1. Determine the pairs where a residue that is in contact (Cβ under 8 Å) with a residue 40 or more places away in the chain, located within the range 91-111, has a partner that is surrounded by fewer than 12 Cβ atoms within 10 Å (Cβ to Cβ) with Cβ atoms under 6 Å apart, the partner being 6 or more residues away or on another chain.
2. If residue 177 satisfies every condition in (1) exposed (fewer than 14 other Cβ atoms within 10 Å of the Cβ); (2) assigned to a helix (DSSP H, G or I); (3) touching a helix residue (DSSP H, G or I) at 6+ places or on another chain (Cβ under 6 Å) but one, which is the exception?
3. In the range 158-174, how many residues are over 24 Å from residue 127 (Cβ atoms) and exposed (fewer than 12 other Cβ atoms within 10 Å of the Cβ)?
4. Whether any residue in the range 122-131 is within 18 Å of residue 80 (Cα to Cα) and assigned to a helix (DSSP H, G or I) is what I want to check.
5. Could you list, in sequence order, the residues of the range 180-193 that are under 14 Å from residue 124 (Cβ atoms) and touching a helix residue (DSSP H, G or I) at 6+ places or on another chain (Cβ under 7 Å)?
6. Please return the ranges of helices (runs of 4 or more DSSP H) entirely within the range 9-110 where 3 or more residues are under 20 Å from residue 136 (Cα atoms).
């Protein structure tokens, strides 16, 4: 399903809707709803900073691998602005968590934990994630795009390899504890299917 709002094309994949439905129906704790809210805040952070810089998205895609905000190629784009746009999602999560903590004084509230988890996850220097995109843009301020791409690829491999090994070790020593391994598989899938999404 796809439609256009102003000049931005929005595409919603059927598998995205199916996964979201299963997640919400299967969750009896309410954690999924908190996680989805934190994810929405994350994307809102990106879109808000993009709007402030006059860099409107050309496309927003809802896929089984997450939400892709495709930045348009316009005169207002620069590597410095791309760094801030890439970090804006995590910034929104951290700000929301801190504001919530200020009013509740509860550091272990699911909303605070969800926001910090999403922020930390997206800040990993792995190519398709915000951290990888920010690293690429920062490197491009000093290096060629080819060299920046190689460095980000190396950092992606350097972070994913020990995480995957740790995931296997945890699963081997604690059967049923497969969460980290699933995260690693997810990140590898992102690398395979989203290679250079902003480059």
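1. Going by the 6 Å Cβ cut-off, there are no qualifying pairs.
2. With respect to (1) exposed (fewer than 14 other Cβ atoms within 10 Å of the Cβ); (2) assigned to a helix (DSSP H, G or I); (3) touching a helix residue (DSSP H, G or I) at 6+ places or on another chain (Cβ under 6 Å), residue 177 is out only on (2).
3. Counting residues in the range 158-174 that are over 24 Å from residue 127 (Cβ atoms) and exposed (fewer than 12 other Cβ atoms within 10 Å of the Cβ) gives 3.
4. Yes, the range 122-131 contains at least one residue that is within 18 Å of residue 80 (Cα to Cα) and assigned to a helix (DSSP H, G or I).
5. Within the range 180-193, the subset under 14 Å from residue 124 (Cβ atoms) is 180, 183-184, 186-188, 190-191.
Answer for the range 180-193, where residues must be under 14 Å from residue 124 (Cβ atoms) and touching a helix residue (DSSP H, G or I) at 6+ places or on another chain (Cβ under 7 Å): 180, 184, 187, 188, 191.
6. Details: elements: 14-26, 31-52, 79-104.
Result: 31-52, 79-104.
Every residue, every condition in (1) surrounded by 20 or more Cβ atoms within 10 Å (Cβ to Cβ); (2) out of contact with any helix residue (DSSP H, G or I) (no Cβ under 8 Å at 6 or more places or on another chain), yes or no:
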| residue | (1), (2) |
| --- | --- |
| 32 | no, no |
| 44 | no, no |
| 70 | no, yes |
| 94 | no, no |
| 103 | no, yes |
| 108 | no, yes |
| 129 | yes, no |
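None of the figures in this text is laboratory data; all of them are computed from the coordinates on show. These numbers were taken from a predicted model, which means no experiment stands behind them. Note: ideal-geometry Cβ built from the backbone for every residue, glycine included; neighbour counts use all protein chains shown.
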